[in-house]
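Chemist: Here it is, the structure, as structure tokens.
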Amino acid sequence: MKKRYIPNIMSLARIPFSIALPFLAGRHDIAFLVCYLLCGFFDVFDGVVARRFHWESKLGEKMDTLGDVVFIVCTIVAVMLTLGPTLAEDGLAGYVYVIIGVFAAIRAFNVALTKIKFNRWGVIHLRSARWSIIPLYILFPICIQLGKVFNPFVALCLVLSALAAVEEIFILFAMEKDEYTMSLKSYWEWKRDREKLRAYAAEAVPDKEAVLR
């Protein structure tokens, strides 16, 4: 096996562990936690390994995106299956479903837009998305274990995740076809750096023409 495929294998490994989550939630707590933690481990370190050894590839981007989608969907299903009755009793099920539905719809739109405009499968790893997903990742197994939903905080994180997805929409529409990258921190930093690069390129043109003359 070629070592450069290790990040891709790590990305793909998330899929079976993710699919197991709805079947284990509320039934086999230890097995659920192990699968859940492995999904998080592979999600973090597939990119770390790829960047560390320069093993990035378009196939890796596709595998990472597929792993993200499957993990998010399966985690949401696991939470709803386990905590759905509790949410219904509290009268919050409708609100939570709407927030999750909006978040999922925006994410699906971004993936489709990336494919149509840039002919690539990928999700931009914005700082805002990372910092809204991390607390959700920590809270989901706790909520399932306790049979309770930390309603205000979980709802806030979901809303922030949806807003991060909206930020990605602005970037995708503003990007030119040859500018796409998954490694961006925010819309404003991308716009600032983009203007710097354009200014630098504009200054270099007269010099180049002078040399040619």
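Chemist: Please work out which residue is nearest to the chain's Cα centre (by Cα), limiting yourself to region 173-187 and to residues that are part of a loop (DSSP other than H, G, I, E, B) and surrounded by 14 or more Cβ atoms within 10 Å (Cβ to Cβ). Quick ask: steps written out before the conclusion?
Modeler: Residues of region 173-187 that are part of a loop (DSSP other than H, G, I, E, B), as a first pass: 175-186.
Within this subset, residues satisfying the condition of being surrounded by 14 or more Cβ atoms within 10 Å (Cβ to Cβ) are 175, 180, 182, 184-186.
Working: Met175: 19, Tyr180: 16, Met182: 10, Leu184: 12, Lys185: 13, Ser186: 14 Å.
Only one residue tops the list, namely Met182.
Chemist: Okay, moving on. Which one of the conditions (1) farther than 25 Å from Thr181 by Cβ; (2) of a type in the set (Ser, Thr, Tyr); (3) exposed (fewer than 15 other Cβ atoms within 10 Å of the Cβ) does Tyr36 fail to meet, given that it meets all the rest?
Modeler: Condition (3) is where Tyr36 drops out.
Chemist: Then there's this: Select from region 1-59 the residues that are within 29 Å of Val79 (Cβ to Cβ) and in contact with a His (Cβ under 9 Å, 6 or more places away or on another chain) and list them in ascending order.
Modeler: Matches in region 1-59: Gly47 only.
Chemist: Next question. When you check Ala93 against the structure, is it among the small types (Gly, Ala, Ser), modelled with pLDDT under 80, touching a helix residue (DSSP H, G or I) at 6+ places or on another chain (Cβ under 8 Å) and over 28 Å from Tyr5 (Cβ atoms), yes or no? Walk me through it before giving the result.
Modeler: Working: among the small types (Gly, Ala, Ser): yes; modelled with pLDDT under 80: yes; touching a helix residue (DSSP H, G or I) at 6+ places or on another chain (Cβ under 8 Å): yes; over 28 Å from Tyr5 (Cβ atoms): yes.
Yes; evaluated as a whole, the condition is true for this residue.
The values are calculated or read from the model by the stated rules, or taken from the named source; none is laboratory data. What you see is a predicted model, and the numbers here were worked out from it, not measured in a lab. All Cβ positions, even for glycine, are placed from backbone atoms using ideal geometry, and neighbour counts span all protein chains on display.
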